[in-house]
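Bear in mind that the values in this text are calculations on the coordinates, not laboratory data. Not measured: the values here are computed from a predicted model. Positions of Cβ are backbone-derived with ideal geometry, glycine not excepted, and every protein chain shown enters the neighbour counts.
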Amino acid sequence: MTRRIETAILISGRGSNMAALIEAARAPDYPAHIGLVISDRADAGGLALAREAGVEALAIDAKAAGGRTAFEAALDAALLARKIELICLAGFMRILSPAFVGRWPALNIHPSLLPAYKGLDTHARALADGVSEHGCTVHWVSPELDSGEIVAQARVPVMTGDDPDRLAARVLVAEHALYRSALAQVGRRLLAGG
Ligand code: GRF
């Protein structure tokens, strides 16, 4: 069997980007295997979606774990036990410590054309500025929020009459395609030793 990059996805919510990556990784020539999904919330809808798709899915509650250091130690243990090589954050709403980020290579998807609109409420802020183009970015996770090296971006037009929800829905479609292709690109690079 061809070697693939063993990948875990971290989520906090509905998991539509997670589902897109799991679906992409079904292709025999996809360079990443999704072996594990972890949510920091037990009520994340994505956990059930992952299990339905046959992927192991765990909830690790940060409060129950006893705070960030203990939470990240529990993450470490789960990731090491499955020999994870790469993490994809997909709607994961918790800030990871610089130490954790230094230990694990991780990608994130962010709903804006970074470096514009780091942080939350990106669609409302883009609309308030009257931009004609918005989009999404896959980037490496670095200690500073939404600031790591950019892997890929997709542009989405802003349409007359858009509100944050309509714009978010258009961007989300682009996110799914972008994350699938960015993980494929990164996976191939890692397999080639780069
Ligand atoms: C996406 O818009 C992603 O860019 C942002 O959070 C949202 C997660 O959506 N970081 P989903 O859980 O992947 O459906």
Counting Lys and Arg as +1 and Asp and Glu as -1, what is the net charge of the other residues whose Cβ lies under 11 Å from the Cβ of R188?
+1
How high is the relative contact order of the chain, in percent, counting Cα pairs under 8 Å that sit 6 or more residues apart?
21
Sum up the charges of everything whose Cβ sits under 15 Å from the Cβ of R94, counting Lys and Arg as +1 and Asp and Glu as -1, but leave R94 out.
-3
Could you list which residues have their amide H under 5 Å from that of R14, counting only those 5 or more apart in sequence or on another chain, with H placed in the peptide plane?
G45, G46
Show the residues, 5+ positions off or on another chain, whose built amide H is closer than 5 Å to the amide H of R41.
I60
Whole-Hz Karplus ³J(HN,Hα) for segment 186-191, in order, using 6.51 cos²θ - 1.76 cosθ + 1.60 and θ = phi - 60°, x for Gly and Pro?
5, x, 5, 5, 5, 5
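As a test, work out the antiparallel percent of DSSP beta bridges whose residues both lie in segment 5-191, rounded to the nearest 5.
Numbers: 11 of 28 bridges.
The answer is about 40 percent antiparallel.
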Using θ = phi - 60° and Karplus 6.51 cos²θ - 1.76 cosθ + 1.60, couplings along segment 97-106 (whole Hz; Gly, Pro as x)
5, x, 5, 5, 4, x, 7, 10, x, 9
